[in-house]
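Participant: This is the structure I have questions about; it appears just below.
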Amino acid sequence: MDDQHSAVPATDPFALFDAWFAEAKESEPNDPNAMALATAEKDGAPSVRMVLLKDHGPNEREGGGAGGGFVFYTNAESRKGREIRANMQAALLFHWKSLRRQIRIEGPLEEVGAQQADAYFHSRARASQIASAASDQSRPLADRADYLARIEALEEEYPEGDIPRPPHWTGFRLIPRRIEFWLDRPGRAHDRRLFTRDGAGGGWSDTLLYP
Ligand SMILES: Cc1cc2nc3c(=O)[nH]c(=O)nc-3n(C[C@H](O)[C@H](O)[C@H](O)COP(=O)(O)O)c2cc1C
């Protein structure tokens, strides 16, 4: 559906995401790839935190799977990791304040393969590899010195180069079923377009939404 009064084009949503993301990379002061990730317990209780988008696109899935994806990396034993294991679906939210735009993305999750997780882990700075390998993310820490001692121990164990990726440090891919673009307009008469599809392989439908 097209509408001459909307400034959110009825185009391929991955292409529209890329266009907006490119503008955000120019205008955001930090981390244009930062997004809120909402997960939920099996009983539905939600939680949300920021993560970084690391890979995305219509051909993102390994092995030629359909649907494309949006990938983030984390510790699978963290709070979010436990929620994801119990309930393999999530919602992502980008809010680019410099552009006054929002994108909401929802769908099921799958874990990335070991090769993809290794490649990303080893693309990170050595200090980041060590800091994440030393962290029992989201679990209680009695004294920050305990964490710093673990970092030091890993630095001694691996005096140079990459360190092995811990098996619980991995990535998850959200396969989008809904992508909504929100554009600030004068007088709060904002402009929203929602793209949906039923399955990973199907085509997209779209509709405008009242703001
Ligand atoms: C801008 C920003 C980016 C972040 N990126 C990540 C990330 O990519 N992966 C990650 O595990 N945590 C990231 N964090 C930390 C998370 O927000 C969160 O504190 C941590 O993952 C623990 O969340 P959990 O207890 O809900 O599992 C980021 C935080 C901020 C503020």
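The values are calculated or read from the model by the stated rules, or taken from the named source; none is laboratory data. These numbers were taken from a predicted model, which means no experiment stands behind them. Please note: Cβ atoms are built from the backbone with ideal geometry, for glycine as well, and neighbour counts cover all protein chains shown. Heads up: the accessible areas ignore ligands, DNA and RNA and are worked out on the full protein's heavy atoms, side chains in. Shrake-Rupley method; radii C 1.70, N 1.55, O 1.52, S 1.80 Å.
Participant: Kindly report the accessible area of the range 68-141 per residue (heavy atoms of protein chains, probe 1.4 Å, no ligands, DNA or RNA), in Å². Spell out each step's value before the answer.
Facilitator: Working: 3330 Å² over 74 residues.
Here the residues of the range 68-141 average 45 Å² of exposed surface.
Participant: As a test of understanding, state the convex hull volume per residue of the range 41-93 from its alpha carbons, in Å³.
Facilitator: 101
Participant: Additional query: Can you work out the accessible area per residue across the range 143-190, with the rest of the protein chains kept in place, probe 1.4 Å, in square angstrom?
Facilitator: Values: 2860 Å² over 48 residues.
For the range 143-190, the per-residue accessible area is 60 Å².
Participant: Using Stokes-Einstein with the Kirkwood hydrodynamic radius over Cα pairs, what translational diffusion coefficient do you get for the range 121-211 at 37 °C and a viscosity of 0.692 mPa s, in µm²/s rounded to a whole number?
Facilitator: 187
Participant: What residue among 53, 141, 99 has the largest mean-square fluctuation in a Gaussian network model of the chain, using Cα springs under 10 Å?
Facilitator: 141
Participant: Per residue, how much accessible surface does the range 1-61 expose to a 1.4 Å probe? Answer in Å², no decimals. Walk me through the numbers on the way to the answer.
Facilitator: Numbers: 3520 Å² over 61 residues.
Result: 58 Å² of accessible area for each residue.
Participant: Packing-wise, with mean Cβ within 10 Å as the measure, how do 132-138, 196-202, 78-84 rank, highest first?
Facilitator: 78-84, 132-138, 196-202
Participant: Heavy atoms only, probe 1.4 Å: what % of the accessible area of the range 83-184 goes to carbon and sulfur, would you let me know?
Facilitator: Roughly 48 percent, rounded to a whole number.
Participant: What is the antiparallel percent of DSSP beta bridges lying wholly in the chain, to the nearest 5?
Facilitator: Percentage antiparallel, nearest 5: 100.
Participant: Quick one: compute the contact order of the range 1-92, relative version, from alpha carbon pairs under 8 angstrom and 6+ residues apart, as a percent.
Facilitator: 24
Participant: Moving to a separate point now. Mind grabbing the base-10 log of I(q)/I(0) for the chain at q = 0.08, 0.16, 0.19 Å⁻¹? Debye formula, identical points on the C-alpha positions, no solvent, two decimal places.
Facilitator: Log-scaled intensity ratios, in q order: -0.33, -1.13, -1.42.
Participant: If the reach is capped at under 18 angstrom between alpha carbons, list the lysines near residue 54, excluding any in the same chain fewer than eight residues apart.
Facilitator: In chain and number order, the partners are 25, 80.
Participant: Could you state the number of Å between the C-alpha centres of the range 99-127 and the range 59-89?
Facilitator: If we compute the Cα centre of each part, the gap is 8 Å.
Participant: OK, next. Rg and Dmax of the range 1-117, Cα atoms, in Å?
Facilitator: 15.4, 48
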